[in-house]
Amino acid sequence: MHYEISGSSLSKQTICFIHGLCCDLTDWEHQRTHFQDRYRVIGCDLKGHGYSAAPVEPVSIENWAADIAELLDSLNVQNSVLVGHSMGCRVALASTLRRPERVDAVALIDGSCFAGVNEASAYGDALASVEAAGGWPVLVRHLFNQMFTEKAPASLRQRVIDRALAIPEAVGQAGFASMVAWDVQQLDSTLRSFVRPLTVIQSTYVNEERNRVSIGKGESTPWLDHVRQRYSSAVIEIVPDSGHFPQIESASVVNAHLQCLLDQVC
């Protein structure tokens, strides 16, 4: 797994950034640059993404989490804050369960949860939904085209779409199906057993028409309600007027919320 380390090796705290499906560590450029003066910062490409090798083991949330856990072990990270985006939220939570002694806190950026899915057939149903949408490239273009607001440069939107389409289709589809299955099979128990400080930074949700829309101050989403019901200690922060990548579109706001979490555990 490809990873990059920057910042102070003398810092007690390490921040590990985990990207979403069909993305890579470059999504965290604003955060890595901002925090490296005070903390040790790790950005990584999950297997099958960026500069990392294609996975030999089956693509799944759990196997990606195992890779993050092994990375923390190999670098002997004693105190970390895991920051996940989108699918990376699941990986961050699952990684924490694997190495609770190495993780002080977790931040989830624009996460979500798949609901109303049959647990036993979740994986297969997710793959079937890809075909029903017209195939993986069609679904990717539809999903990623909605992930930025009009204020985002068109070049950024196109770059992210092109990058997503460049991910091996087998990795993308298996990652999507695993994400759905993990939500149905693991999310509730993970949140109910969570004992670390948790900050949820939210900017969008997918409405009943399956369109991604921004949310405003004081609004909620099914995902946020889900978190509140299962982990009442979570701190929830709204980033208004932003798309699905608030760490890019609203970097200064996201950085401020992350700093509050870091101040709590440092």
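Here are the numbers:
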quantity	calculated
Search result, residues across region 1-38 that are surrounded by fewer than 22 Cβ atoms within 10 Å (Cβ to Cβ), hydrophobic (A, V, I, L, M, F, W, C) and farther than 19 Å from A94 by Cα	I5, L10
Residue within region 58-74 that is assigned to a loop (DSSP other than H, G, I, E, B), touching a His at 6+ places or on another chain (Cβ under 9 Å) and more than 22 Å from G7 (Cα to Cα) present	no
Members of region 229-260 found to be touching a Gly at 6+ places or on another chain (Cβ under 7 Å) and under 18 Å from G20 (Cβ atoms), listed by number	E249
Some residue of region 93-112 being part of a helix (DSSP H, G or I), without any contact (Cβ under 8 Å) to a residue 60 or more places away in the chain and surrounded by 14 or more Cβ atoms within 10 Å (Cβ to Cβ)	yes
Single residue of R196, R210, R228 found to be more than 30 Å from E57 (Cβ to Cβ) and in a loop (DSSP other than H, G, I, E, B)	R210
Any chance G88 is part of a loop (DSSP other than H, G, I, E, B) and at pLDDT 95 or above	no
Test: residue in region 114-125 that is at pLDDT below 95 and under 17 Å from the mean Cα position of the chain (by Cα)	yes
The lone exception for N207 - which of (1) in contact (Cβ under 8 Å) with a residue 24 or more places away in the chain; (2) closer than 20 Å to A115 by Cα it fails	(1)
Residues being under 23 Å from A177 (Cα atoms), small (G, A, S) and in contact with a strand residue (DSSP E or B) (Cβ under 7 Å, 6 or more places away or on another chain) - total across region 1-57	1
Scan of region 231-259 for residues that are surrounded by 17 or more Cβ atoms within 10 Å (Cβ to Cβ) and part of a loop (DSSP other than H, G, I, E, B), ordered by number	Y231, A234, V239, S242, G243, H244, F245, S250
Unique match (being out of contact with any Leu (no Cβ under 6 Å at 6 or more places or on another chain), modelled with pLDDT under 95, aliphatic (A, V, I, L, M) and closer than 17 Å to G111 by Cα) among V235, V206, V253	V206
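This table checks each residue for (1) more than 14 Å from I68 (Cα to Cα); (2) modelled with pLDDT under 95.
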position	(1), (2)
S8	yes, yes
Q13	yes, no
G20	no, no
L25	no, no
E29	yes, no
T33	yes, no
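The values are calculated or read from the model by the stated rules, or taken from the named source; none is laboratory data. All values reported here derive from a predicted model rather than from experimental measurement. Note: ideal-geometry Cβ built from the backbone for every residue, glycine included; neighbour counts use all protein chains shown.
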